[in-house]
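**Student:** Before I ask anything, here is the structure I am working with.
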Amino acid sequence: MEIITSLIADVGNWIRPWIDDISTATVTCVLVMFAADINRFMRKQLIGTNFIIRTMIFILINAFGYGLFIVTTAPFLSKQLSQLANHWLISVVISIFIIIGIWAQRHRQQV
């Protein structure tokens, strides 16, 4: 059992330099899951609005809103993950991506 624990801790240590990238990927995956719902909601709210105004709002939301969300949320997640011990780090990262994958599958997101 100690060998498995040591291996898990080693893998956690190995991914530690990539915590920033892992955090960005995680936040982006979650955003992809919600983007269709957000866009659908905004489309319903903007029915009857001038085409140019509607287009500008979608550009602001998709280009700047989503980008701002990723840029501000990923460092927070990175900081939280960096505080975990190595064996917990790899366990949490794997769990997060498994949960996102299951969630995507249940909500019929296509990869």
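**Student:** Just to confirm my numbers, what's the Cα centroid distance between segment 52-91 and segment 22-50 in Å?
**Tutor:** Between the Cα centres of segment 52-91 and segment 22-50 lies a distance of 13 Å.
**Student:** Let me ask something additional. How much of the accessible area of the chain, probe 1.4 Å, is carbon plus sulfur, in whole percent? The partial results should precede the final answer.
**Tutor:** Numbers: 5610 of 8110 Å².
The value for the chain is 69 percent carbon and sulfur by accessible area.
**Student:** Right, here's the next one. Among LEU89, LEU60, LEU31, determine the one that fluctuates most according to a GNM of the chain built with springs between C-alpha atoms less than 10 Å apart.
**Tutor:** Between LEU89, LEU60, LEU31, it is LEU60 that shows the largest mean-square fluctuation.
**Student:** Taking a probe of 1.4 Å, how large is the accessible area per residue of the chain, in Å²?
**Tutor:** Details: 8110 Å² over 111 residues.
With the other protein chains kept in place, the chain gives 73 Å² per residue.
**Student:** Using Cα atoms only, what is the angle between the long axis of helix 86-106 and the major principal axis of the chain, expressed in degrees (0 to 90) to the nearest 10?
**Tutor:** Around 40 degrees separate the two axes.
**Student:** Let me ask something else about it. Using only the alpha-carbon atoms, how far is helix 66-82 inclined from the longest principal axis of the chain? Give it as 0 to 90 degrees, nearest 10.
**Tutor:** Once rounded, one gets 20 degrees.
**Student:** Of ALA35, ALA85, ALA74, which has the largest mean-square fluctuation in a 10 Å C-alpha GNM of the chain?
**Tutor:** Its mean-square fluctuation being the largest, the pick is ALA85.
**Student:** Next question, about the same structure. Only helical DSSP H runs with n ≥ 4 go in: add -39500 (n - 2.57) per run for the chain, normalise by residue count and round the 222 nm mean residue ellipticity to 500 deg cm²/dmol. List each step's numbers first, then the result.
**Tutor:** Working: 5 runs with 88 residues, N = 111.
Computed ellipticity for the chain at 222 nm equals -26500 deg cm²/dmol.
The values are calculated or read from the model by the stated rules, or taken from the named source; none is laboratory data. Because the structure is a prediction, the values reported are computed rather than measured. Accessible surface areas use protein heavy atoms only, side chains included; no ligands, DNA or RNA. Shrake-Rupley method; radii C 1.70, N 1.55, O 1.52, S 1.80 Å.
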